[in-house]
Each structure stands twice: as structure tokens, then as C-alpha cells.
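Here's the structure, in C-alpha cells; my notes come after.
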Amino acid sequence: MHQETIRRQGYVDAHCHVWEFSLFNRFASLEKCANLEELVETLKSCLINGWAVGVRFNQESLVEKIIPERAFLDRAFGTTPVVIVRTCLHVVAANTAAMQRLGFFAENGLFYEAKVFNLLQTLVAKLDLEPRDVLSQGLRELKKLGFVQVIDMGMDRQKLPFFEGLDEGVKVDFYTVDLGLLDDALGFKVFLDGGLGARTAALTEEYADDPGNYGLLNHSDAGLLSLVERVHRKGKPIAAHAIGDRAVDQFLRVVRQSRHPLDRLEHVQYAREDQLEALAELEIPVCIQPVFSREISWAVGRLGPERMQTAYAWGLMRDKGIRLLAGSDAPVDHPDPREAAAAVAPLKGGHHLDFEEVLDLFARANREFYPGN
């Protein structure tokens, strides 16, 4: 699809977190910090209601290559509460002052997976932010980038009231993580594993840089099948977060037993070639994030060079016949489709997609998957 046609019709983001994207625009961005000293200086210069809150943090960008834990943050910030959110949204770091005010506690100050979202919801209340103002500004930012529709992938009962009656020229549909909202949702979002950045993505072989660690599956097969069947009985599909190949294996086992024609698989940063062939054969759409190709420089350390041949392999997925959708996963990364296209276009072989091809995914491909929206 020609860029001028896309510009007129607008983009559709098939996988984003609208509230979190809007919220994170209010906090200090740590993505350009080169070391811990710069991180501390950035946070101290951007206090919000007495709190130091940093987002888009990636320890791989630091010279020290570490996530700052409670002891370090206590020394650096004292009684000033500090919260740092890793860019993947799978890890949060906090100091003692922040944990005391939020009512969360971990010995090292690190929180993972579901606890991240619970902590962030409590943080918003503590900061006394006006949610609808935050969300309104975020939607306006998405509109400036050319979006006409976004699909939120984590709606719950706390966030839904923020969206009601709000019209900023961007249509918001959603998948929910709350079975009580399923009737009003496009489908149900389920997290099968974590992320490569936090080494919680589920792998069949151990992490190359963390021997003995295979990541984590969030469900047993029986528990996941029971959940999926419950969703399917309501006539709704699932969208399954799967970043590691062990999570993809689990997804394939379950959907072979219970299937909705619109079931989706999300992310798939690493999958084996046999899995890609199975996804194509079963006609499972995969929603990729081409912008995540920027992770390749550090992901090779997690997976090793052999597994990287089929990791972040969007072009290989296409060549295998998998139906591709595209999302940004904002605020995990930036939402601009042109930035995503620029990240993946220079790559070679199975990692490559053309610039125009990526824009076409964000426009035609996403729109065709949801023709009634």
C-alpha cells in the first residue's frame, strides 16, 4: 500500500497499552541514560509530586548492565520515593521509601510480571493524577502519529472508566484481562510467559547468559486449557503473549484442543522453524512488533547466535505463510510505525521486512483482520 494511501486512511495499532502509554508520557524517560550516574541525575531532575518515576529503562543500555536494586536506590535517593519501570513492563525497581508508601515489599526492591501492573495502579493513586486528562493527552499523541484506531491489550475494570465518553479522534477497541469484561471485549489476553529482557521468557534450552535458567511459564497446560475453553465458550478468541519457544509450544498444544478462528499469538521473539511451520499450517495469526528488532544487539547474548537465526525473524514468518499483524506494544517501545519500519528494513535475510511492507501491516493488514471495527 502506497504511503499516501496509508496517510489518508490512517494506521491501526493491533497491540498497544493505551493507558500505560499515556501515563508514561508524564514520567522521566531513561532510555538515553548511559550509566547509573546519568540515571540518578535524570530522575532527580524530573520529580513529580515528590516522586522520582522513570520509564523506558533498559539495563542493556547502561555501562554497568544492571537493574538498580533497593540498596543502591536507597543510597542514591534517601527518603525520596523512586520507581523505575523496565521498558518491557515485566520488571519494576523501587526503593524502601516507595515500597512503604505503596504497600508493596520485596527484599531486593524488584517486582515482576503481574505485580508490575498492580504496583503501577497504586502509584497513580498516590501521585494524585487525573486519569482522563492523562489519557486524553495520550490519545492526541497517537492521533498526531496518524493512528485512527488502536487495540488496547490489557483492559480491566479500573482503567475502563477512564475511556468512557472520551473522544480524541482515535477509536479504541480492547482485549481484556478481566473475564467480567469479556462480553464487551474483542477477546481475552493471556500471558504465557515473561520477557527476554528480564530473562523470564520461557525457553526450551537455557539462557545463553544465565545457565540453568529456562524462564517461566505462567500456567500449567491444564489450567491454560480450562481458561481458553471458558473464553471460547463465550464465543471470544484469545490473544496469547508468547515470547519464548517453550511458551509457543504450550500455545500450540492448547489451541489444538480448543480453537477460535480469531485466536492470535503475540510477539514471538523466538520460535523454532518447526513452530513457525505449525503456526502457518494451523492458520494462526501472529501480531509482531517490528520495532523490537532493535533488541537484536543484546538479545543475541540471551539466546546465542544459533537461536538468533529464527529470533525476531519477521520475514521468515511471512515466507512460511504466517498471517502477520503489527503492533507497537507501546509504551514498551515507541508507537510510530515509521520508526518500526526503519528499524527492520536494513536487516538481512529472515529478519528483514521492507519499509513499505511494515507500514502496510499497520494499515491494510490490521484493518482487514478487524473489518467490522
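Every number in this text was worked out from the coordinates using simple rules, so none of it is lab data. Note that this is a predicted model, so its numbers are computed, not measured. Cβ: placed from backbone, ideal geometry, glycine included. Neighbour counts: every protein chain shown.
Starting from the Cα gyration tensor of the stretch 53-108, take the square roots of the eigenvalues, sort them a ≥ b ≥ c, and report rounded, prolate or oblate (rounded when a/c is under 1.5, otherwise prolate if a/b is larger than b/c, else oblate). Note, shape of the stretch 53-108 comes out prolate.
R0 = 56 Å: FRET efficiency of Lys115 with Asp319, Cβ-based, nearest 0.05?
About 0.90, to the nearest 0.05.
At 20 °C and 1.002 mPa s, grab the translational diffusion coefficient of the stretch 88-178 from Stokes-Einstein with a Kirkwood Rh over Cα pairs, rounded to a whole number in µm² per second. Value of D from the Cα-based Kirkwood radius: 144 µm²/s.
Each part gets one Cα centre, and for the stretch 231-295 versus the stretch 188-213 those centres are 16 Å apart. Measuring nothing but how far apart in sequence close Cα pairs (under 8 Å, 6+ apart) lie, relative to its length, the stretch 65-200 scores a relative contact order of 17 percent.
Could you tell me whether the stretch 275-314 comes out rounded, prolate or oblate from its Cα gyration tensor? Rule is a ≥ b ≥ c as square roots of the eigenvalues, rounded for a/c under 1.5, then prolate if a/b exceeds b/c, otherwise oblate.
oblate
Need one number: % antiparallel among DSSP beta bridges in the chain, to the nearest 5. Kindly include the intermediate steps, with their values, before the conclusion.
Details: 10 of 40 bridges.
About 25 percent, rounded to the nearest 5.
Rg and Dmax, both from the Cα atoms of the stretch 106-154 and both in Å, are 14.6, 44. Here the 3J(HN,Hα) profile of the stretch 172-178, calculated from phi with Karplus coefficients 6.51, -1.76 and 1.60 at θ = phi - 60°, is 10, 10, 8, 9, 10, 9, 10 Hz, Gly and Pro shown as x.
With Rh defined as the Kirkwood radius, the inverse of the mean 1/r over Cα pairs, the Rg/Rh of the stretch 198-322 is 0.97. The aspartates and glutamates whose alpha-carbon is closer than 17 Å to the alpha-carbon of Lys234, local same-chain residues fewer than 8 away aside, are Asp178, Asp183, Asp184, Asp263. Pairs spanning more than 23 Å between alpha-carbon atoms, out of Lys320/Lys348; Lys65/Lys159; Lys32/Lys171; Lys159/Lys236: Lys65/Lys159; Lys32/Lys171. Computed extension gain for Trp298 through Lys65, at 0.36 nm per residue and net of the alpha carbon distance, reaches 82.8 nm.
Rounded to the nearest 500 deg cm²/dmol, what is the calculated helix-only ellipticity per residue at 222 nm for the chain, with -39500 (n - 2.57) per DSSP H run of length n ≥ 4?
Taken over the chain, the calculation gives -10500 deg cm²/dmol.
In the stretch 138-269, the DSSP beta bridges split such that about 10 percent are antiparallel, to the nearest 5.
Divide the volume of the convex hull around the Cα atoms of the stretch 249-373 by the residue count and you get 112 Å³ per residue.
Against the compact-protein benchmark of 2.2 N^0.38 Å, the Cα-based radius of gyration of the stretch 251-320 scales to 1.15. Relative contact order of the chain: 17 percent, from C-alpha pairs under 8 Å at least 6 residues apart in sequence. Considering the stretch 159-227, its Cα convex hull presents a mean projected area of 7.1 nm². Under 1.5 on a/c is rounded, so check that first for the stretch 69-222, then, if it is not, pick prolate when a/b is larger than b/c and oblate when it is not; a ≥ b ≥ c are the square roots of the alpha carbon gyration tensor eigenvalues. Because a/c hits 1.5 or more and a/b fails to exceed b/c, the stretch 69-222 counts as oblate. Loop-located trypsin sites (Lys or Arg not before Pro) in the stretch 301-373 (DSSP state not H, G, I, E or B) with no more than 11 neighbouring Cβ atoms inside 10 Å: Lys348. Note that the stretch 300-373 shows a convex hull volume over its alpha carbon atoms of 106 Å³ per residue. Loop sites here are GluC sites (Glu not before Pro) outside DSSP states H, G, I, E and B with no more than 10 other Cβ atoms within 10 Å. The longest part of the chain free of them is 165-373. Size of the stretch 25-69 from its Cα atoms: along the principal axes, largest to smallest, the extents are 29, 18, 17 Å. Cα extents for the chain along the principal axes, largest to smallest and rounded to whole angstrom: 56, 50, 43.
Relative contact order of the stretch 249-348: 33 percent, from C-alpha pairs under 8 Å at least 6 residues apart in sequence.
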